[in-house]
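Below is one structure, written out as structure tokens; the observations come after it.
The values are calculated or read from the model by the stated rules, or taken from the named source; none is laboratory data. Remember, it's a predicted structure, so these values are computed and weren't measured experimentally. Cβ placement follows ideal geometry from the backbone for every residue including glycine, while neighbour counts extend to all protein chains displayed.
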Amino acid sequence: MIDGGDDSDECDGGLASRRGLDDVAVYQPAEDSGLLAEAAVAEAHGRVLEVGTGSGWVAQRIAEERDLDVVGSDLNPHAARQARERGVEGVVADLLSPFRADAFDAVCFNPPYLPTDPDNEWDDWMEHALSGGESGRELIEPFLADVGRVLAPGGVVLLLVSSLTGYDEVLELVEDAGFTAAPVVEESFPFETLTVLALRRE
Ligand SMILES: C[S@@+](CC[C@H](N)C(=O)[O-])C[C@H]1O[C@@H](n2cnc3c(N)ncnc32)[C@H](O)[C@@H]1O
């Protein structure tokens, strides 16, 4: 189903990894992670994929609290390794590209979503974890365009959306991809509101 990728250190030069400092290169659980986990534990069923698994904490919670098979994928090989250390099937993958059609009953994603001025971007793994490019939606767009392919009939997508990313713009992309959206959990913070949407085929 997956090609598994490799553990190359191509992006950060490997220094942190060689010193055993993977945490500095891997997104650690935060408020957004907690919301995605809450929604996924409530809604996921069957075989589950968490795209952009980071530390693997969300995937581990789904696996343990729902007793489901969960794959955690990430572009960042340090993240895939951390997920494996938590007992999650962690693999290196760019979004959904290596996965087979109809492979999963639930797909979860807390995407990199901060709108980022190209002049301010920095080329390391934390940028990959945080930056959604200029619009904030540069990862969400290709994800939504392809997720229907890997989703089995009756499947559900759990997507975290920030008000910073443009809630209405994301809803438009969701509709264009042939899904209906229903909020599962929502929480407001001083600078943003985070919502996890459950997407199902129309
Ligand atoms: C906001 S973090 C979320 C991490 C974790 N899911 C959580 O909620 O704590 C986004 C994650 O997406 C990963 N990522 C970025 N671009 C990716 C891509 N093209 N394919 C797969 N994962 C990607 C980052 O490496 C990062 O781990």
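So which strands (runs of 3 or more DSSP E) are wholly in segment 69-123 and hold at least 3 residues that are buried (at least 23 other Cβ atoms within 10 Å of the Cβ)?
Qualifying strands (runs of 3 or more DSSP E): 70-74, 104-109.
Entry remark, segment 49-68: residues being crowded, with 18+ Cβ neighbours inside 10 Å, over 12 Å from the mean Cα position of the chain (by Cα) and not in a helix (DSSP H, G or I) number 1 in total.
Only a single criterion out of (1) surrounded by fewer than 23 Cβ atoms within 10 Å (Cβ to Cβ); (2) touching a helix residue (DSSP H, G or I) at 6+ places or on another chain (Cβ under 7 Å) is not satisfied by residue 128, namely (2). Consider segment 24-47 and keep the residues that are without any contact (Cβ under 8 Å) to a residue 40 or more places away in the chain and of a type outside the set (A, V, I, L, M). The one that is nearest to the ligand (Cβ to nearest atom) is 29. For segment 142-152, state whether one or more residues are exposed (fewer than 15 other Cβ atoms within 10 Å of the Cβ), at pLDDT below 95 and not small (Gly, Ala, Ser). No, that holds for no residue. The set of residues in segment 153-185 being surrounded by 14 or more Cβ atoms within 10 Å (Cβ to Cβ) and in a strand (DSSP E or B) consists of 155, 156, 157, 158, 159, 160, 161, 162, 179, 181, 184, 185. Taking the criterion of being assigned to a helix (DSSP H, G or I) and of a type outside the set (Gly, Ala, Ser), the residues of segment 142-152 that qualify are 142, 143, 144, 146, 147, 149, 150.
For segment 100-131, give me each residue that is among the aromatic types (Phe, Trp, Tyr), within 21 Å of residue 61 (Cβ to Cβ) and within 13 Å of the ligand (Cβ to nearest atom). First the steps, then the outcome.
The initial filter retains those residues of segment 100-131 that are among the aromatic types (Phe, Trp, Tyr), namely 104, 109, 113, 122, 125.
Now narrow it down to the ones that are within 21 Å of residue 61 (Cβ to Cβ): 104, 109, 113.
Within segment 100-131, 109, 113 qualify.
Apart from one condition, residue 193 fits all of (1) in contact with a helix residue (DSSP H, G or I) (Cβ under 6 Å, 6 or more places away or on another chain); (2) closer than 19 Å to residue 53 by Cα; (3) exposed (fewer than 15 other Cβ atoms within 10 Å of the Cβ); the exception is (2).
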